[in-house]
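These notes concern the structure reproduced below.
The values are calculated or read from the model by the stated rules, or taken from the named source; none is laboratory data. Since we're looking at a predicted model, the values are computed, not measured. Cβ placement follows ideal geometry from the backbone for every residue including glycine, while neighbour counts extend to all protein chains displayed. These accessible areas exclude ligands, DNA and RNA; they are computed on the full protein's heavy atoms, side chains included. Shrake-Rupley method; radii C 1.70, N 1.55, O 1.52, S 1.80 Å.
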Amino acid sequence: MTGAEPAALVVRSGAGGTTGAGSPPAPGTGDRAGGDLARRATADPLYRLVAYALEAAHGRPPAAVWSAPYAFHLGSPGLVAAAGWPTAAAAAPRTDGLVRLSSLGHPADSCDLPLTLSGPPPAAPAWAVRPYAVLRALARAGYGLGGTDLHVQGSLTAAAGLATAEPADCAVALAVADVHTAAGESPDRERLARLLAGALPDGDDGLRRAVLFARSGRALLLSARPGRRRRHVAFDPAASGARLVLVAVRGEAADRPRELARAVACARRAGALSAWPPGPGPEPGRSALVLLPASRTAAVRAAVAEDFRDRGRPVPRFLNIAVAGAARREE
């Protein structure tokens, strides 16, 4: 993870959950590197937590843990990039056709569901509807027909204003596909992108492709022409003495667009170079990406904070954004 970690934006959860009943693991579950991640002192705390949480909730270790970056649109049409804040998914295959879903973000809403390939999906907690749709699409394509134990956790809350669905979709798809891909081979990301687009047509395909194909310090230029090769263009604020910051406002939903516009105006007066919305998210109008000279970071933050304090308003949160690479398996 990168940059400051304001509590209102960043998830800080302790592991927990109810140990599930014994389940039939698929052959080879314990042979993959994800199984001991929870106990590896050198691993990132988020990935250790996700691995441990799956084992605590479902009674066995993951076969794979994948991280997927949050993603955002740039100010220019067709440009997307990944942020150095991840969502993680831990998966273990089953053989009994059952899907067991859990998340530290929804500790009271874990669920066990039958994996059906057709017909109406089973009733599920609201948070689990989308992961189940991903698992169903994967099963139709031959990944995880026997079922899956799955745990999903993001590093940012909805208060950050970045899209949360697309990185979670990709993390789930990659973790499950990885478990059912031959050892030494990587999941087919292009195929997964097509599966996700078909299963979740309401999602942002540009953000999904940023999650799957981003490069560190580069933006992904999307083409409107089907089948055209992806292009990456330089976008590395830190390399040019600049900083990319996500500014998120708080308070009543009806007031946020106006307050966000005011925060951006203050930032510009204090030296920010440009600002734009990050794209669709769980709470539109809550946040903006601001590009500013690194030397003006403190001045911009101070100017925005002073304006909001003087008016008795909640001070916006600032989150540093590094331009990151694509989703990856955590070893």
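Taking Cβ atoms as reference points and 12 Å as the exclusive limit, the residues near VAL233 contribute a net charge of +3, counting Lys and Arg as +1 and Asp and Glu as -1. Computed with a 1.4 Å probe on the full set of protein chains, the accessible area for SER118 sits at about 90 Å². For the chain, averaging the sequence separation of C-alpha pairs within contact (under 8 Å, six or more residues apart) and dividing by the residue count gives a relative contact order of 22 percent. Element breakdown for the chain at a 1.4 angstrom probe: carbon and sulfur atoms account for 52% of the accessible area. Phi angles across the stretch 76-84 convert, under the Karplus curve 6.51 cos²θ - 1.76 cosθ + 1.60 with θ = phi - 60°, into 3J(HN,Hα) values of 8, x, x, 9, 9, 8, 9, 9, x Hz, Gly and Pro given as x. Each Lys or Arg adds one and each Asp or Glu takes one away; over the other residues whose Cβ falls under 15 Å from the Cβ of SER274, this sums to +4.
With the cut-off at under 20 Å, measuring from each backbone N in the stretch 124-155 to a point 7 Å along the Cα-to-Cβ line of SER118 picks out 133-147. Residues of the stretch 87-109 falling in the label zone of ARG329, defined by backbone nitrogen less than 18 Å from a point 7 Å along Cα to beta-carbon, are 88-94. Reported to the nearest whole Å, the Cα centre-to-centre distance from the stretch 123-155 to the stretch 195-218 is 17. DSSP finds beta bridges in the chain, and of those with both partners inside it, around 90 percent are antiparallel.
In the complete set of protein chains, residue-level accessible area for ARG243 is approximately 90 Å², probe 1.4 angstrom. TYR52 contributes an accessible area of around 110 Å² to the protein surface, as traced by a 1.4 Å probe with all chains present. Think of a 1.4 Å ball rolled over the protein heavy atoms: the stretch 198-331 then has 50 Å² of accessible area per residue.
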